[in-house]
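*Asks:* Pasting a structure below so you can have a look.
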Amino acid sequence: MNSISFTAPVRVLASRWIIQLPDEVSRSLPSRGQVAVQATVNGHTFSTVVEPDGEFGHWLNLDSGILSREEVAAGSSADIMLTPAAEWPEPVVPRDLAEAIAASPLTIQLLWNSITPMARREWVRWINATRNAATRERRIEVAISKMEHGKRRPCCFNLASCTDPELSRSGKLIKLSEGST
């Protein structure tokens, strides 16, 4: 797939810096769910994943440390180029999940290491998709149990929903008018 270039405003949503992709850009991506991309924002290139917004669109997280806040300003426009990538970047594995995997039998550790970064990202997304500590703890237990039984991916959650609990309500990206700049 070819690169997609566009200009879009930088927004602050729940203290996070994001770019919501225009509808026509989202429609041209190969999936309604997450899409691995090489992103260039105002001349800075990095590997990332554009996230689904729960309404058949996508958003791009700028809080990756790639751009300093001096280089982009809330409300300003950014020049963006996205190129869908075949390789998925490794997810940041939360400490509690990493500790549970490390404490698990070797078969689970080997399975975790053998699955793709995309599959690891799905586990991380599913576990991170709750603010409730008890639910999160239970999801980690379920993940370990499923991996013990050879499951390589979590099941039963909408991959096109917005699963970031800071930025979503009912699986949809908070409207930019609700707590944004």
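*Asks:* May I ask you to order 92-100, 138-146 by the average number of other C-beta atoms within 10 Å around their residues, highest value first?
*Replies:* Per-residue Cβ counts within 10 Å, averaged per peptide and sorted highest first, yield 138-146, 92-100.
*Asks:* Sticking with this one: Could you name the aspartates and glutamates in cross-link range of Lys146, using Cα to Cα under 12 Å and dropping any fewer than eight places away on the same chain?
*Replies:* Hits, sequence-local ones excluded: zero.
*Asks:* Going by how many other beta carbons lie within 10 Å of each one, how would you line up Asp164, Asp53, fewest first?
*Replies:* Fewest to most other Cβ atoms nearby, the residues stand as Asp164, Asp53.
*Asks:* Right, something else. So how much slack lies between Val142 and Cys155, counting 0.36 nm per residue of separation and subtracting their Cα-Cα distance, in nm?
*Replies:* 3.6 nm
*Asks:* Something else: What relative contact order, as a whole-number percentage, does the chain give when Cα pairs under 8 Å and 6 or more residues apart are counted?
*Replies:* 27
*Asks:* Evaluate the distance, in nm, between pseudo-label points positioned 7 Å from the Cα of Phe56 and of Asn2 along their respective Cα→Cβ axes.
*Replies:* For Phe56 paired with Asn2, the spin-label model returns 2.4 nm.
*Asks:* Search the structure for amide H atoms under 5 Å from the amide H of Asp53, placed 1.01 Å from N in the peptide plane, and list their residues when 5 or more places away or on another chain.
*Replies:* His58, Trp59
*Asks:* Quick check: pseudo-label points 7 Å beyond the Cα along Cα→Cβ at Arg169 and Thr116, how many nm apart are they?
*Replies:* 3.5
*Asks:* For the stretch 1-44 and the stretch 86-149, what is the separation of their Cα centres, given in Å?
*Replies:* 26
*Asks:* Take the alpha-carbon positions of the stretch 4-88, form their convex hull, and give its projected area averaged over all directions (one quarter of the hull surface) in nm².
*Replies:* 5.1
*Asks:* Taking a quarter of the surface of the convex hull around the Cα atoms of the chain, what do you get in nm²?
*Replies:* Its Cα hull, projected and averaged over all orientations, spans 10.4 nm².
Where a number appears in this text, it was derived from the coordinates with a stated rule and is not lab data. Remember, predicted model here, so these are calculated numbers, not experimental data. For neighbour counting, all protein chains shown are included, and Cβ atoms are generated from backbone atoms with ideal geometry for every residue, glycine included.
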